[in-house]
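To keep things clear, I will list the structure first and then write my remarks on it.
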Amino acid sequence: MALRNLVIEGDPLLRKTSRPVDEISPRIIKLLDDMADTMYFEGRGIGIAAPQVGVLRRVFVVDVGDEHGLIEFINPEILEVSGSQTDNEGCLSVPGKTCEVERPQHVKIKALNRDGEEFILEADDLLARCICHENDHLNGILFIDKSVDGKIYSTDSDED
C-alpha cells in the first residue's frame, strides 16, 4: 500500500487544468494504485483525482460502494448529462468544509481503463455526482465553487 500526500485547498495546483495521458505507462498504473490506496485509507473518500495527489494528469478513481466497485478513469470525457440533483458534498482536498452542490442526476462518460481500452459508462445518483466532482478537479474546479447558495459550512465543531 502506497499513500500519497493530499494537496489541500489554497495550493495553486488544484486550480490548474490537467494534461491528458499520452501513454499508459507503469507510472500511470502506479498512480492509479496509489490513488485508490489514498482514497480508501481510513475510509476517507469515494473518489480522488490526480491533482489531489499532486499530479496534473487527467486521471481519477471512484468507488461509491455499489456493484461497480472501484472504477478507474483515464482521459475521461463527459458525453451527456441530464436531470438534476442537489446534495451536500465534501472533499479530501477541502477538509472540514461542506456545501450544497447541484449536479446532473445522470451522466454518460467515456474514458480509458488501465489496459488502454475505451469504455462508456452511464451513471446515476451518487455515482454520477462523484464522477462529476472528480472530473471537475481535472479542470481546476472545486466543489466549493459550485455552492448552490454561496454558503460553505464547517464540519469542525467545538461542541462535545
For this session: Could you grab me the full set of residues in the stretch 2-22 that are assigned to a loop (DSSP other than H, G, I, E, B), within 16 Å of Leu56 (Cβ to Cβ) and either in contact with a Cys (Cβ under 8 Å, 6 or more places away or on another chain) or among the charged types (D, E, K, R) (or both)?
Result: Arg4, Asp11, Lys16, Asp22
Seminar exercise, completed: Counting only residues that are of a type in the set (Asp, Glu) and under 11 Å from the mean Cα position of the chain (by Cα), the stretch 91-149 contains a total of 2
For this session: Look at the stretch 30-85 and say how many of its residues are in contact with a Gly (Cβ under 9 Å, 6 or more places away or on another chain) and modelled with pLDDT under 95.
Result: 1
Exercise. Does the stretch 1-24 hold any residues that are free of Cβ contacts under 8 Å to residues at least 12 places away in the same chain and β-branched (Val, Ile, Thr), and which are they?
Worked result: none
Problem set entry | Filter pass, Lys151 being surrounded by fewer than 18 Cβ atoms within 10 Å (Cβ to Cβ), assigned to a loop (DSSP other than H, G, I, E, B) and either touching a residue at least 40 places away in the same chain (Cβ under 8 Å) or at negative phi (or both) | yes
For this session: Determine, yes or no, whether Ala111 is in contact with a strand residue (DSSP E or B) (Cβ under 8 Å, 6 or more places away or on another chain), farther than 24 Å from Gly43 by Cα, surrounded by 18 or more Cβ atoms within 10 Å (Cβ to Cβ) and of a type in the set (Gly, Ala, Ser).
Result: yes
Problem set entry | Residue match in the stretch 25-32 (condition: surrounded by fewer than 15 Cβ atoms within 10 Å (Cβ to Cβ), aliphatic (A, V, I, L, M), in contact (Cβ under 8 Å) with a residue 60 or more places away in the chain and farther than 15 Å from Leu142 by Cβ) | yes
Exercise. If you check every pair at least six apart or on different chains, which have Cβ atoms under 8 Å apart with a residue in the stretch 53-77 that is among the charged types (D, E, K, R) first and a residue that is surrounded by 18 or more Cβ atoms within 10 Å (Cβ to Cβ) and in a loop (DSSP other than H, G, I, E, B) second?
Worked result: Arg57/Ser18; Arg57/Val21; Arg58/Ser18; Arg58/Val21; Arg58/Leu138; Asp63/Ile46
Seminar exercise, completed: All conditions in (1) more than 14 Å from Ala128 (Cα to Cα); (2) outside any strand (DSSP E or B); (3) in contact with a helix residue (DSSP H, G or I) (Cβ under 9 Å, 6 or more places away or on another chain) are true of Ile74 except (2)
For this session: Please determine, by comparing only the residues of the stretch 33-64 that are aromatic (Phe, Trp, Tyr) and part of a helix (DSSP H, G or I), which one is surrounded by the fewest Cβ atoms within 10 Å (Cβ to Cβ).
Result: Phe41
Seminar exercise, completed: The residue from Glu102, Glu134 that alone is over 21 Å from Asp22 (Cα atoms), in contact (Cβ under 8 Å) with a residue 12 or more places away in the chain and of a type outside the set (Lys, Arg) is Glu102
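The values are calculated or read from the model by the stated rules, or taken from the named source; none is laboratory data. This one's a predicted model, so the numbers in the text were calculated from it and none came from an experiment. Quick reminder, even Gly has a Cβ in these numbers, built from the backbone with ideal geometry, and neighbours come from all protein chains shown.
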